[in-house]
Amino acid sequence: MPDAEERTIGVAVAIPEPYGPELQRRRASFGDPLAASIPTHITLVPPTRVPVAELGDIQAHLRAAAQGEHPFDIHLRGTGTFRPVSPVVFVALAEGIADCERLERKVRRGPLAVERAFPYHPHVTIAHHLADDVLDRAFKELAYYEAKFRVRAFWLYEHGADGVWRPRRHFPFGGRADVS
């Protein structure tokens, strides 16, 4: 639970319209209880508790990371899974993997140098912690999913006391941070 001294944040590439809302609806259709509270995204920094006093330094770090970046293309295609290690089904990246890996390395430095639980693998979660038959259905139903879009920024998200993840700052590549 958040307190006055700490916040839970994450950093991610947002999946734009119409794809983000479409995949969020699909996630909800599988009965994933987190679908409504997590905007569709590609994680760069997973949920991380940070002192409120460090948010300014974190934002400066993210602004610097974005400043040196350039737009790149993402091509989402098909599904994958982390089973049996983790009960997750995701939409896979066919293009943009190396760009996301580079960006992840840049943002996970300095004040966000947190240890990874697993090797970084950019993806878009569509089903998490659901029954095996539901995970199988998600895997099959989105097996031929495709979307292409240009990435021009990433976002700092904050986890609210109500359990909802909200975008807080937008970090455009080569630009300054904007409040959402």
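Observations on the structure shown:
- Tally, over the stretch 50-94, of residues that are in a loop (DSSP other than H, G, I, E, B), surrounded by 14 or more Cβ atoms within 10 Å (Cβ to Cβ) and aliphatic (A, V, I, L, M): 0
- Leading residue by the ranking (farthest from residue 4 (Cα to Cα)) among those in the stretch 25-35 that are free of Cβ contacts under 8 Å to residues at least 40 places away in the same chain and surrounded by fewer than 19 Cβ atoms within 10 Å (Cβ to Cβ): 29
- Residue 27 vs. criteria under 16 Å from the mean Cα position of the chain (by Cα), more than 21 Å from residue 116 (Cβ to Cβ) and not hydroxyl-bearing (Ser, Thr, Tyr): yes
- Residue 45 vs. criteria touching a Phe, Trp or Tyr at 6+ places or on another chain (Cβ under 6 Å) and assigned to a strand (DSSP E or B): no
- Residue within the stretch 40-47 that is in contact (Cβ under 8 Å) with a residue 24 or more places away in the chain and surrounded by fewer than 17 Cβ atoms within 10 Å (Cβ to Cβ) present: yes
- All positions within the stretch 1-42 that are under 17 Å from residue 74 (Cβ atoms), part of a helix (DSSP H, G or I) and among the polar types (S, T, N, Q): 24
Computed from the coordinates by the stated procedures, all read-outs in this text should not be read as laboratory data. These figures come from a predicted structure and were not determined experimentally. No Cβ is skipped: glycine too gets one built from the backbone with ideal geometry, and neighbour counts run over all protein chains shown.
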